[in-house]
Amino acid sequence: MSDHKKATIIDGKAVAQTIRSEIADEVRRLSDTYGKVPGLAVVIVGQRKDSQSYVNMKRKACAEVGINSIDLDLPEEVSESELISKVHELNVNPNVHGILVQLPLPKHINEEKILSEISLEKDVDGFHPLNIGKLAMKGRDPLFVPCTPKIKGSWIKPGAAVIDVGTNAVDDPSKKSGYRLVGDVDFQEACKVAGFITPVPGGVGPMTVAMLLKNTLDGAKRIIENSKLISRALEYDGGGGVPLLVVRLPLVQILKKQKKLHQRDLQRSRMPHINDEEGEIKETTSRMPNINDEGGEIKETTKTQKTKTIKPG
């Protein structure tokens, strides 16, 4: 007969509450300093019970800490192209600092493709290919497998810590909703063997939501800081006294544009410049603001380009 004591319950709600309190303070400071409030957009396709429950937790959590919650509920039959279009709209929405597409998606939609369309700087769930890696993305098949608790107490080493990240809806006529949420572990059996265990609900779920809010806050802070730095660069007139139009764009768009311009300049540099006067050497000098990575310092650099002309024929 075993003398093992019942497992200690890890209260995810209590830990998450501490984190949320800190986030609420940061959100207030951000609003007071910049007049900006972080915004989290959640896209949900269809009416999965477990997804709806998780999304409802996110809405309540956002309200608690002062983050704007933008909800986009789409029907199960929405097309892949329509969903991508909605994601693109959120990418360019200046009031959205975090985007989350609730998984799993219907089978007719390519999940990896949708996740890769989310702006990298707004991917608060960390599922963009550049954040999670292709291999991990392709290993998400278990999300599509309907399941009830599978991990039995006999499989667990005595005294082990069990962190149950599963969330599954099972029918329960005694509940007002008609269902209840369970994890992937047989909780009652595991409690007899494990040293520590997280319940479902009330374990990992609240912590996941708390960290999602933290990522949204961090994303808002980065976007605001980048906008300030970019504005300073665009306002710099190079000493000519001519004011420039200030256009605020996401950092990713600016970097892509910069790469295209650089490639075009390289192509042009390989082509000889033809002029009627043989042997003439032209020298062009341009002055451009240079943004230092540290502290957004702006320096002026001078670039000189020489081209030798070639007479036709």
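The values are calculated or read from the model by the stated rules, or taken from the named source; none is laboratory data. Owing to the predicted nature of the structure, the values given are computational and were not obtained by experimental measurement. Please note: Cβ atoms are built from the backbone with ideal geometry, for glycine as well, and neighbour counts cover all protein chains shown.
Applying the condition of being in a helix (DSSP H, G or I) and among the hydrophobic types (A, V, I, L, M, F, W, C) to segment 43-69 and asking which residue is farthest from Ile109 (Cα to Cα) yields Val65.
If we scan segment 8-16, do we find a residue that is without any contact (Cβ under 8 Å) to a residue 40 or more places away in the chain and of a type in the set (A, V, I, L, M)? Yes, segment 8-16 contains at least one residue that is without any contact (Cβ under 8 Å) to a residue 40 or more places away in the chain and of a type in the set (A, V, I, L, M).
Looking across segment 89-105 at every residue that is surrounded by 17 or more Cβ atoms within 10 Å (Cβ to Cβ) and not aliphatic (A, V, I, L, M), the one that is farthest from the chain's Cα centre (by Cα) is identified as Pro104. Scan segment 23-42 and give yes if some residue there is under 26 Å from Val165 (Cβ atoms), more than 17 Å from the chain's Cα centre (by Cα), in contact (Cβ under 8 Å) with a residue 12 or more places away in the chain and part of a loop (DSSP other than H, G, I, E, B), otherwise no. No; the residues of segment 23-42 include none that is under 26 Å from Val165 (Cβ atoms), more than 17 Å from the chain's Cα centre (by Cα), in contact (Cβ under 8 Å) with a residue 12 or more places away in the chain and part of a loop (DSSP other than H, G, I, E, B). A search for C-beta distances below 6 Å between a residue of segment 116-129 that is touching a residue at least 60 places away in the same chain (Cβ under 8 Å) and any residue that is of a type in the set (S, T, N, Q), counting only pairs 6+ apart in sequence or on different chains, returns Ser119/Asn91; Val124/Asn215; Val124/Thr216. Residues considered: Ile67, Ile19. Of these, the only one that is at pLDDT 95 or above and among the hydrophobic types (A, V, I, L, M, F, W, C) is Ile67.
Being surrounded by 14 or more Cβ atoms within 10 Å (Cβ to Cβ), on the phi < 0 side of the Ramachandran plot and modelled with pLDDT of 95 or more holds for only one residue in Lys86, Lys49, Lys36, and it is Lys86. Would you check which residues across segment 113-148 are at pLDDT below 90, under 25 Å from Asp218 (Cβ atoms) and either basic (Lys, Arg) or in a helix (DSSP H, G or I) (or both) and list them? Result: Leu120, Glu121, Pro129, Leu130, Asn131, Ile132, Lys134, Ala136, Met137, Arg140. Report whether or not Thr216 is among the β-branched types (Val, Ile, Thr), in contact with a strand residue (DSSP E or B) (Cβ under 8 Å, 6 or more places away or on another chain) and either modelled with pLDDT of 85 or more or outside any loop (DSSP other than H, G, I, E, B) (or both). Yes: the conditions hold for Thr216. Regarding segment 169-192, can at least one residue be identified that is under 30 Å from Leu90 (Cα atoms), crowded, with 18+ Cβ neighbours inside 10 Å and at pLDDT below 85? Taking every residue of segment 169-192 in turn, at least one turns out to be under 30 Å from Leu90 (Cα atoms), crowded, with 18+ Cβ neighbours inside 10 Å and at pLDDT below 85.
If you filter segment 70-93 down to residues that are hydroxyl-bearing (Ser, Thr, Tyr) and part of a helix (DSSP H, G or I), you find that the one that is nearest to Ser21 (Cα to Cα) is Ser85. Among residues of segment 94-106 that are part of a strand (DSSP E or B), those with a Cβ under 9 angstrom from a residue that is of a type in the set (Lys, Arg) and surrounded by fewer than 24 Cβ atoms within 10 Å (Cβ to Cβ), sequence gap 6+ or separate chain, pair up as Leu100/Lys58. Restricting Val55, Val27, Val42 to those that are on the phi < 0 side of the Ramachandran plot, modelled with pLDDT of 95 or more and crowded, with 17+ Cβ neighbours inside 10 Å reduces the list to Val27. Restricting Ile9, Ile99, Ile70 to those that are of a type outside the set (Ser, Thr, Tyr) and closer than 29 Å to Val185 by Cβ reduces the list to Ile9.
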